[in-house]
Structures are given as structure tokens and as C-alpha cells.
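Heads up, the thing below is written out as C-alpha cells.
Bear in mind these aren't lab numbers, they're just calculated from the coordinates by the rules spelled out. Since we're looking at a predicted model, the values are computed, not measured. Cβ placement follows ideal geometry from the backbone for every residue including glycine, while neighbour counts extend to all protein chains displayed.
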Number of protein chains: 2
Amino acid sequence: MALTRLVLICLLVHLCCFGVLMIRSVSGANETHFFKWEVEYMYGAPDCLTNIVMGINGQFPGPTIKAKAGDTVVVDLTNKLLTEGVVIHWHGITQRGTPWADGTASISQCAINPGETFNYTFKVDKAGTYFYHGHYGMQRSAGLYGLLIVDVEEGKEEPFKYDGEFSLLLSDWWHKGVHEQEVGLSANPMTWIGEPQSLLINGKGQYNCSLAAAHNSGSGGLPECNFRGNENDTCAPNILRVKPNKTYRLRVASTTALVSLNLAVRNHKMLMVEADGNYLQKFSVKDFDIYSGETYSVLFKTDQNPRNNYWIYVGVRGREPRTPQGLAILDYQSTTPTKQPTLAPKPTPGWNDYQRSKLFSKKLLAHSESPKPPANHHRRIFLLNTQNRINGYTKWAINNVSLTLPPTPYLGSIKYGINESFDQNSPPDTFDLNTYDIMSPPSNPNAAYGNGVYTLELNNTIDVILQNANMLKAGDSEIHPWHLHGHDFWVLGYGEGKFSSEKDEKKLNLKNPPLRNTVVIFPYGWTAIRFVADNPGVWPFHCHIEPHLHMGMGVVFAEGVDRLGDIPNEALSCGLTAKMLMSGSGGKMLTSGSGPPKTFNPIYILYIFIFIFSYF
Amino acid sequence: MALTRLVLICLLVHLCCFGVLMIRSVSGANETHFFKWEVEYMYGAPDCLTNIVMGINGQFPGPTIKAKAGDTVVVDLTNKLLTEGVVIHWHGITQRGTPWADGTASISQCAINPGETFNYTFKVDKAGTYFYHGHYGMQRSAGLYGLLIVDVEEGKEEPFKYDGEFSLLLSDWWHKGVHEQEVGLSANPMTWIGEPQSLLINGKGQYNCSLAAAHNSGSGGLPECNFRGNENDTCAPNILRVKPNKTYRLRVASTTALVSLNLAVRNHKMLMVEADGNYLQKFSVKDFDIYSGETYSVLFKTDQNPRNNYWIYVGVRGREPRTPQGLAILDYQSTTPTKQPTLAPKPTPGWNDYQRSKLFSKKLLAHSESPKPPANHHRRIFLLNTQNRINGYTKWAINNVSLTLPPTPYLGSIKYGINESFDQNSPPDTFDLNTYDIMSPPSNPNAAYGNGVYTLELNNTIDVILQNANMLKAGDSEIHPWHLHGHDFWVLGYGEGKFSSEKDEKKLNLKNPPLRNTVVIFPYGWTAIRFVADNPGVWPFHCHIEPHLHMGMGVVFAEGVDRLGDIPNEALSCGLTAKMLMSGSGGKMLTSGSGPPKTFNPIYILYIFIFIFSYF
């Protein structure tokens, strides 16, 4: 009897301890989309010049993911590179409950080794226009990117209607390989990557020839420009086939490594309706700016002469351009070959007409049904953006700290308390607001390398004031588009010069600030954002210009990591987390491997005692 | 009393179980050499054209290691690459007892992740000329190599004397980056890497200009050739400063990615004395061939007119050359600047004069005191070398199997019995010896990918007959230098056509065959080697031409892996071994981490029982 009772007790204890671990949440009505992807270098000719590009399943750009809000996306990503690790970041997806799927090497996971596969499983909880890209070294620049489109749930409606849609993924392209770019950026003196050779729309551009210009001047293009209007011509522009008198949604995402862009459709007005997966108060534009990391949806009507076709064109802003416009064609006629448009693209607005840029940015306001920001913040962090020198090397720094990512990802280090894997001191919450002269080059340009994190209290409301300043070169300050992982934030305002709590505080927009995941800071200006730190995980916030991030322009936020369940071992199998777990001192497999885990569980000791004492 | 006795018993059991693990062998009289190395890409101009190269501690080639036989070398190798893993193979070092330090990714260890450090500790047990190089992807081609010189132990003498010594590390150099080379080789149709732009001696060459030719013709070199005789001129040839009437040892190692070379010193005869760390029956030459993976020592006397300097020159053999000779200067005068030699280099012997090559190879015989081969073999493996197609992709294959390395290194997989990590079937021990026509392209050119290993019985004597054949192109068969890890082998003989047991067996040289770690097979010929499988570990045997190995030209031998002690976790932290160890089902840390290992040991259960029952 005692034995039977004992066995029952043991069983109960066992079930209580282990049973719950076996239950994995399974989504209900929503769909799950499975993908098997292989990343590799392959030949490509994004701008008609053969080069190597990073592709997925033989495609560049990578395949477009389409899902509905609430769906689950599962990507088994196999690394087919020969010697390089790889990760993919799902830009704009908040990864609630799955911070290990954010795809940031050194932050959310260990890079996937060559030949190995990582399972990215995450929920796409909000309709909108997103994209994905490499987030390791400069693999985004190498071509590792693609679109991620999330439609509204069935039965739900968006605050606008349209008859059809197209997606344009914008990027910039260099002929010099990323490894050489990296060496240059890390050298002393630094060799800058220079301006891109081409702008790409959905991975297609035309090097050293502007079809538009050729058309305009009538003088003919360069020999490389052999586009004859066939969709399948190498590097032919994308063709968007439309019917007259319809309304189309154009989804636009920018994954440029460097340049800011302006997009227009000749003769067509556009209605801005969505930014970074959040609805806007609609407003009409003839063209719009888009910074790296941003996405927009615009609506346009095909109300122009249907006997013509029309250029869609993007050009460089915010930097003195040395790159021809990137092109696509709005095709009313569906002839084969496609007729070239009769009207040439207009010139891109002046690259340094920042007033124009600011006017546009300030028009972006949240749709009336968009969530409102909390009225107050718990903590305000000032982030001074400066270019600096460290031991003679040119770096970007935030509050004088240039971010250098540690080999062991933060998520595992913090979860398991591995303090030696990164600097346990927080970087400063502010800079010398009173005396720092943002209009001059840093008077003492020395910064320090750092890898500390900002630990945010879970559910606190955080304000960040991004403060731009003069770079090392006198009289110059650049645009930086900042992207936050794991959250959307409200853009409370932009201002000139140094942020002043007295003067600027009251100007902040708490009424209808737009929700974004990426926002720009203008030269010599500031941008104020607010977000709620309600997503347990570790989240970088960084300049989305690839070489700037490479040079240290970012910070790392951590919140509520102790609340997280088991991190999949696959995300931890490097550095000090691997060392710890391989020595057997922690960690459980989230997914069951072959056979039961063989670690000894202390509960067995309890069984033994119960077993022995049941005899007395 | 019972308690005291119990504590004592527990202590004893504990000590027996754990104590032995704490003892690490410490070398006695011999020295230990410690190095801290960082691998990174950097700017370099190996042949006067700026490019990126893989360097160690800012040097290209990497630092030369000097040690004495019996010494221990410790290299803490930190990977400072941004996204690539790295390993270093110590070419010619047998790694007895330390097979995890052989530096072969996918075979002996997991590639070192960016930011992480791997400890290579190994004994250099035999005097000789060695080198080291990357063994992951095509990182050797990217410039990851350097010299490793092992002198005789103090008090021991070599079978020759000399007054001074120099070392020359030979390599070939492309302007196209290795990532692009890899994509081309893996593409369908394949894009071949072509002939190298330059030959380098100790990392220095001159692109598109032959100083020698310029000198010879009197017509002047190309503008790039601005060598004025200063040692520190960019890409100036190496200068070997000698005194007249002395005897010098010249150590020569070839780490070429592709080409076979011939080296000569104008007007100087040379005496061959060492090959791959083994002494030779001395013989005199005017020039000598050296294949990738080989090393030689030659002696020469400075017995020429001391008012002149003399070119040392290397040229391409075995392939139709498109690359100028590589140069160094033997400088009798020690003037600054160095005077250019008056006599031009002679032309390199005809690239396809294979009779000349064979005559040289057959002259290489072991020194009388060199170990003799066992008289008989236990197992003979025939390895047919063919070029093949797999699904249209051009590959090299051995017995119709093209080697594709698995993500989880063999050493750990075999040690821990992780059968699913590679094909458990052995590749074939032979090909169709009777019917295969080695003089024609493969009649059925289809091969298969494979990653099975040849499991060798420990201490068995193994013969390998390397059988060359026609490649895909009719009428063509190429040179392949085969390199064996973990062992030296005796070169029993070379022959024409297909190896015939009847005809060729009796011609094999068992009297004084040279010991080597690398041997060439000539077009349409065979080479027979013998070795004793007495080194527990997993050892690749492969063509040392980098693109050929990349295309599958190799096999893997495993012997006595069950005899090995603990493999350091650092060598196992990837793939299925990491998965296994992180799930806690095996493995111990070889080096003690911070604090004791926290895995539960079953011995504790015993303690508990003893403890409880000691009360009754």
C-alpha cells in the first residue's frame, strides 16, 4: 500500500515538474506559414554588372513572405555559406514572447554556423508593410533582404480601400564587396565606402546609365543600357501592370545601406496611408522621402492618359548624389515589350533641401484610431550622436560610447547571469547637455568602445531624445535613421539645435504622434520618441545606415529578461552560454531532442528519500 | 565513528573519480612557446596592387614560429573576422595526442566563431621545415599562412652542417577575392579561378612586371615595377644577405593555392637535404620542383663572384603558365640600395616536361637513418582521381565520391557516436580496376556527394594507391599534390598508367622510400604510399590544390578515436556535438572553468545511500 501511494506521489510530483514544460502554445484559427530557406552567395547582376550577391533559395532579393495579422511564420533558415555565420532580422516584427527570433547576431542569438539550420518561429501580430534582412556584419549590404507583407485579418478592414497592390523594395548597390568595405571602414585612416553605384528597385538597377536621362535627352544611353522593354531582360526595370481608373496600394520599403531616397510616380499623386505597419492620417503628396529602415504604403489612382506609361523613380536625398535614379515602370498598356514612358522622370528634390524633408516628416501623424502614447515618461534618455576617434580610428559614438558587440549574445548572457560576457555598467543616460556644442566638431573627439546595455524597468515608459551634432568635419552633420527592435515608438517631435527641456518639452506632440519603428534625425537637430518597455528581451536601437552601425552607432536596451521562459539552445550555442550549457550547469532544450534529456534532476533525490522512508 | 568512516569513504571515492581529471601533462625539459594571435582581414598589397588579405596580428604572411624538436607550441587564436569562422592547420605536425589541434574545420574542430579564442596546444616532435595555414573554405587562398620552423633538439645533430639559414614561403595570388572565387567554382556552369596574377615569395610579388625580364631585355619594366633595390620598397623582392664562401640552408615551403613551382638560384647549385621534415639522401640539383603542401631544405655555397648579386626565382610548372616568375635576391654585397643582379633568371623548365618532373621526384630517397616502412600492408586502398559532374555541377571525386564536409566535425561525432552527423557507410576501397579506362574522360561522369569516412584499424599498415586519370576534358590529366594529416607516409613509387598489382607491386621501393606528408600524382599515372595508422584521431587526406579540395577532392581517415581522452569542449561547440553537450548528456570540460562543473554526478546517489544506511 505504502509503495502504491509512493508511486502515485512520485508520479504527481513528476507531472507537476515536467508536464508544463511539454505544452507549447499552438495558435488557433490563424494560419502558420512554413518556409525552408537556404542562404548562399551566388552570381547576380543587380545593376547589369555581374557580381556576387547573398541570395535565398537562389533568389535575390529573397522571397516575399505574405501572411495575415495573427498568423505564425516559421522559417527554417539553413546557412549554405562556406565560412560565414548568418542571421535574419524581421524588421518591424515585435517578436513578443520570441525575442530569440529577432535575428540579431550577438544580441538575440548566436549566428547560425555554416551547414546548420535555425528555426525562426514568430507571430506577425499587426498588418503592415515589413521586410527582413541580414543583421550580422554587413550582410544586408551584401544583398540579404526581402519583403514581409502582413495583410489584415479576415473580416477586419483597413481605413482605406484599393483595387490592387504592388510592393517595391528599395536598396543601394556597390560593386566593391562588403568584406573590402568592412576592411576600409575599420582601417586607420578609414576608407569610406563612397556613394553606391546603383539604386535598386526589387533588386534591379541599371549601372552607369539612366534610362530616364537617355530617354529625356534623346542622346541614347551607354552601351550597358540595353533595356528593350521586356520584363525578362537582364536588369530591366520592374514593370507594374495596372488598369485605368483603379486605386492601387504601393507598399514601399527601404533597406538601403546608406542613402536616403525620394520616390515619385510621374504625373500621379499619392496618398500616404501607412508607415512602418501603422496607419496614418491620410495626406496627399507628389513625392515622398523614405529613409533606410522605413516602410510606407501609398494609394494612387490610375487616372492619367492610359495610352502612356509612367516612370516610377527614386533618387538620393540627404547626401550629395553620385548615383543615377532607380527606375520602375507603371504600365497602363500591358504590351509586350513594354513601351517606355514618354515623360521623363523629374529631378529628385535638392539633396540638401532639409526644410522640404522636415515638412514631410512633420506631416506624418497617427490615424485617429491609432494607440495614444502614455502622458508621462518614467525615464528619459538623451543620446548624443557624434563621430569620434578611438586610438586614431574613426568611429560613431552615442554619448561618447562606440558600440562593439560581444561574442556572446546578450539575451543568453543576461538570462543566465553571465556577467563577464559584457560590461555590467550601463552607458550614460545623457551627455553634457549644458555645455556640449553640437554645432562644432567634438572638442575632444576621443570616445571609448563599449558594450554595456541600458536596462529598462519592465513596463516603464521611456523617452529617448536623439540629439544630432556636428561630425568630425567642421560644418557638417548627417542624417541618421534610427531603428528600434521589439517595439514601435511614438515620434513626439523634431527640433532644431539642442533639445531644451524648457523650450521644447511643451512642443512635443502627445495628441496624435505617429507610431513608427524607424525615425530620422536631421542635421544639427533632435528627435524625441516615446515607447513602453513592455516586451521582455534585448533590443538594439541603432542607426540603420549599415556602415554607421558597423562603426558603433547604436545602443542596446534590455527589459524583463528574467520573465522569459526557456531560450532555445540553438540561440545560445556560442561563446559563454555554450560554455556554460556544455559544462552542464543550466539550460533545457525547448524542443525535445532524440530521447529524454539526460541531465540529472534533483527531484530524483526526493524520490529516493520518499522511496526509502516509505519503508519505515 | 560511523560518520567519520563514511566521510573518509566518500572522500576516497570522490578523489578516485575526479582527481585524475585534474592532472594535465606538463612538458619537462623542453620549452613551451606561447603566442597570442588575432586573425583579421586587412589591407595589403602582396603584388603592389592594394587588396584585402587575411593577416595575423597585422602581418601578412603570419608570424614565423620557431621552436625546437620536443617543444610545445601554444597559440591562443582569436578570430577578429566580422562574420567568418576560422581555424589554422599546422601542416606537417602530427598532433599525436592532440588531434583536436589539427585545425581542420568540420574534421578536428568547430570553426572558431568571430570574437572567440581557441587554444591550440601541440608538441612539435620532429625537426624540419613546416608551415601553417587556414583550413576552412578557401581562407588559405585569402592569405592565411605562415612558416613553422622546428630546429633539432640541443645536443642533437642534423646529417649536414651550415653557417646560416633563410626561409622562403611560396604562394600564388589572385586579385579576385576568395568569396567570388568560391561562387564561381560552385556555379553551374563552373567559372574557373584562372591562373594567379602573381607568385609571392614571403608574401611579396610584383604584378604584371617581371623585374628579371625587364633587366634581361633592357627595355625597362612596366610602370608598376618601381623597385629600386631598397628592402623596404613596397613589394620589393626579399633580399637574402649572405657572406661569400659560406654554406647556407634555404628552407622552402609551398602553400600555393594552385600552381606547382620550380625554384632556382642563378649560378648556384643546391644540395637537397630535407623534405617535409624528413632527411633525404643528399643529391645536387640546379633547380627543383615543389608542389603545394611540400617543404624542402637545400644547402648552397656562396661560391660565386661576390661582386655580383643573384636572382632566386620561381616559375610555374605543371600548368601552362600565365604568371611571371616570382623573385628574391641573393645579396653578396649588403649595399644599400641592393644592386640588381647582373645575370637574368633562366626560364623555368618547360611546364609540361613531366619526364623532368618525374626524374626529380624519383631521386628523392630517404636518408640512411630514416625509419623504414613495414614490409607488408594490412589494407590497400585504391583512390581513383576523377573530375565529374553531379547534377550538372563540375566536381572532383575520389572513387566517384565528391567529399562534402558535414557541419559537425567528425572527431566529436565519432567520439560520441553521433551517427546521424555523417554517412556511416564507408566510401569504396577501390574502383573498377579491371575495366576503368583512365586514358579517357569518365564514360559515365556522374558522381555522388559523400561524407563517409575510411575507418582504419589502429596500428594497421595502410597502403594507398593514388590513381590519376583523364579529367572531363578529353586528352587532359592534371597534377595533384596529396597531403595527409596526422602522419608521414613512405612514397613507395610512381608509375605510368593504371597501377597493376602484378606488374607494379614488385617495383615498389621498400628499401629507402622517402618519408613525406605530401606527394604528387602525375598526369595519367599512379603514386603508391604506405603509412601506419597509429595516431588516434580523424585525418583528412586530400589534394592540396585549394579549389580542388573545395570541389570535393579528398577523403577522411579515422583511427582509434575511442582511445582518445576528453576532447576540449571548445572544439565541439557546434552542430550535433554542441546540441548533445548542451542538453547535458555527455562531455566534460578539459580545462577547468570558473567554479566546479555543476552537472549532477551519479556518485552522489551512492553517497546518499551510504549516508542513510550508516545510521542503521
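Dipole magnitude for the protein assembly as shown: computed about the Cα centre from +1 point charges on Lys and Arg Cβ and -1 point charges on Asp and Glu Cβ, it is near 620 debye. With respect to chain A, whose longest principal axis is taken over its alpha-carbon atoms, helix A:603-613 is tilted by about 10°.
In this structure, the residue pairs whose Cα-Cα separation is over 18 Å, taken from B:362/B:506; B:156/B:372; B:68/B:156; B:36/B:415; A:123/B:579, are B:156/B:372; B:36/B:415; A:123/B:579. Normalised by 2.2 N^0.38 Å, where N is the number of residues, the C-alpha radius of gyration of the range B:386-494 stands at 1.20.
A simple spin-label model places the labels of residue B:566 and residue A:503 6.5 nm from each other, with each point 7 Å out along Cα-to-Cβ. Distances between copies of residue A:336, taken at a point 7 Å out from Cα along the Cα→Cβ vector and listed shortest first: 7.5 nm. Sorted from nearest, the other copies put their residue A:350 label points 7.4 nm away, the label point being 7 Å from Cα in the direction of Cβ.
Among B:431, A:283, a tally of other beta-carbon atoms within 10 Å of each Cβ gives an order, fewest to most, of A:283, B:431. Of all DSSP-defined beta bridges confined to chain B, some 75% are antiparallel rather than parallel. Which of rounded, prolate or oblate describes the range B:164-363 when judged by the alpha-carbon gyration tensor and an a/c cut-off of 1.5? Oblate is the answer for the range B:164-363, as a/c is 1.5 or above yet b/c matches or exceeds a/b.
Within the same chain, lysines fewer than 8 places from residue A:473 are excluded, and of the rest, those with a Cα less than 22 Å from its Cα are A:395, A:498. Bridge orientation summary for the range B:379-563: considering DSSP beta bridges with both residues in this region, about 75 percent are antiparallel.
The label-point distance for residue A:241 and residue A:190, in a model that sets each label 7 Å from Cα toward Cβ, rounds to 4.7 nm.
Ranking B:326, B:370, B:311 by Cα position along the charge dipole of the range B:279-382, where only Lys, Arg, Asp and Glu carry charges on their C-beta atoms, puts B:370 farthest toward the positive end. Near residue B:540: Cβ cut-off under 14 Å, other residues only, Lys/Arg at +1 and Asp/Glu at -1. The net charge is -2. Taking the inverse of the mean reciprocal distance over all distinct Cα pairs, the Kirkwood hydrodynamic radius of the protein assembly as shown comes to 33.6 Å. Each pair of Cα atoms in chain A enters the Kirkwood radius, and Stokes-Einstein at 4 °C and 1.567 mPa s then converts it into a translational diffusion coefficient of 50 µm²/s. With K and R counted +1 and D and E -1, the other residues having a Cβ less than 15 Å from that of residue B:400 yield a net charge of -2.
Within 12 Å, Cβ to Cβ, of residue A:367, how many net charges do the neighbouring residues add up to if Lys/Arg are +1 and Asp/Glu are -1? Here the count lands on -1. Once the Cα-Cα distance is subtracted from the 0.36 nm per residue extended length, the residue B:404 to residue B:119 segment shows a gain of 100.0 nm. Counting every alpha-carbon pair across the range A:308-447, the share separated by more than 17 Å comes to 79%. Dipole of chain A computed with +1 at Lys/Arg Cβ and -1 at Asp/Glu Cβ about the Cα centre; of A:202, A:348, A:382, farthest Cα towards the positive end is A:348. Under 1.5 on a/c is rounded, so check that first for the range A:379-563, then, if it is not, pick prolate when a/b is larger than b/c and oblate when it is not; a ≥ b ≥ c are the square roots of the alpha carbon gyration tensor eigenvalues. It is oblate, given that a/c is not under 1.5 and a/b is not larger than b/c.
Legend: calculated FRET efficiency, residue A:285 to residue A:335, from the Cβ-Cβ distance at R0 = 25 Å, rounded to 0.05, equals 0.25. Using the Cα atoms of the range B:429-469 to build a convex hull, what is its mean projected area in square nanometres? Result: a mean projected hull area of 4.1 nm².
Evaluated with a Cβ-only charge set (Lys, Arg +1; Asp, Glu -1), chain A carries a dipole of roughly 1060 debye about its Cα centre, given to the nearest 20.
Return the FRET efficiency for the residue pair residue B:305, residue A:319: r is the Cβ-Cβ distance, R0 is 56 Å, and the value is rounded to the nearest 0.05. Each step should come with its number before you reach the end.
Details: r = 63 Å, r/R0 = 1.13.
Calculated value: 0.30.
Model label sites at residue A:369 and residue B:473, defined 7 Å from Cα along the beta-carbon direction, differ in position by 6.8 nm. Principal axis extents of the Cα atoms in the range B:442-544, from largest to smallest and rounded to whole angstrom, are 40, 34, 24.
Rounded to the nearest 500, the helix-only mean residue ellipticity at 222 nm of the protein assembly as shown stands at -3000 deg cm²/dmol, with each DSSP H run of n ≥ 4 adding -39,500 (n - 2.57).
Taking Cα atoms only, the orientation of helix A:354-363 departs from the longest principal axis of chain A by about 60 degrees.
Distances between copies of residue B:195, taken at a point 7 Å out from Cα along the Cα→Cβ vector and listed shortest first: 4.1 nm.
Projecting the Cα positions of B:115, B:134, B:91 onto the charge dipole of the range B:32-151 (unit charges on Cβ atoms of Lys, Arg, Asp and Glu, taken about the Cα centre) puts B:91 furthest along the positive direction.
Once R0 is set to 30 Å, what does the formula 1/(1 + (r/R0)^6) return for the Cβ-Cβ distance between residue A:66 and residue A:378, expressed as a FRET efficiency to the nearest 0.05?
That gives a FRET efficiency of 0.20.
For chain B, the longest principal axis of the C-alpha atoms and the axis of helix B:2-14 are separated by about 20°.
Using Cβ point charges alone (K and R +1, D and E -1), the dipole size of the range A:32-151 about the Cα centre works out to roughly 280 debye.
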